[in-house]
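Beneath this line is the structure, given in structure tokens, with notes to follow.
The values are calculated or read from the model by the stated rules, or taken from the named source; none is laboratory data. Nothing here was measured: the structure is a model prediction, and the numbers come from that model. Using ideal geometry, Cβ is built from the backbone for each residue, glycine included, and neighbour counts are taken over all protein chains shown.
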Amino acid sequence: MQISVTFRQIEPSEALKNYVTDRLTKFKRYLDGPVEAHVVLGLEKFRHLADVTIDSNGHIIKGKEENTDMYAAIDLVMDKIDIQLKKFRDKLRSSKGDRSRSAAPAPAEAEARALPPLRRQRVEVPALQLGDAVELMQSGKDTLLVFTDVASGSLKILYRRPDGNFVLVEPDLG
């Protein structure tokens with residue numbers, strides 16, 4: 001891991017440089033290949049700034065933090081970098097896992113892939129009486145109504161057939 005520390009408007013300190021280097025070397029376990037880290041420590045009026053940029057195989061992770069204490073600013077920015085690296089690592093693991101599973105698709109997965117793209121729509125399921133549901137369907141242009149029956153508390157589906165008649169579907173959620 002190649003680390004460069006730059007000081008802006010602040011006296012260069014070997015203690016700060018060592019502190020940053022120690023904190024950054026802990027991140028090496030999350031990263032593969034050549035890693036470059038550039039840290040800028042600065043002072044603007046009373047604010048201590050810590051800016052970290054890590055480049056690992058073209059993946060760039062940035063974090064910037066400010067505080068009244070330089071060590072606190074470094075700790076805060078390192079916590080941000082740590083969270084980003086964990087997310088990146090989990091993303092890599094999940095994508096690698098997906099690739100290994102998709103190498104030999106199951107017959108059901110192959111069948112599901114043959115389906116056309118589906119549009120998902122979340123709807124609120126109102127609590128209605130059957131008569132109210134029929135009136136609602138007659139007054140609107142919808143062909144399908146999903147509702148909870150007030151009397152029984154069960155889920156029901158009211159469907160309008162092309163000939164204008166209604167079909168009541170009572171699924172068994174067992």
Q: Please work out if LEU168 is surrounded by 10 or more Cβ atoms within 10 Å (Cβ to Cβ), farther than 30 Å from PHE46 by Cα and at pLDDT 90 or above.
A: yes
Scanning segment 36-52 for residues that are over 14 Å from ARG8 (Cβ atoms) and surrounded by fewer than 18 Cβ atoms within 10 Å (Cβ to Cβ), the one nearest to the chain's Cα centre (by Cα) turns out to be GLU36
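How about segment 19-109: which strands (runs of 3 or more DSSP E) wholly inside it have at least 1 residues that are modelled with pLDDT of 85 or more and of a type in the set (Lys, Arg)? Let's see the steps before the verdict.
Values: elements: 35-44, 47-56, 59-67.
Hits in segment 19-109: 47-56, 59-67.
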Would you confirm whether any residue within segment 37-55 is without any contact (Cβ under 8 Å) to a residue 24 or more places away in the chain and closer than 18 Å to ASP82 by Cβ? yes
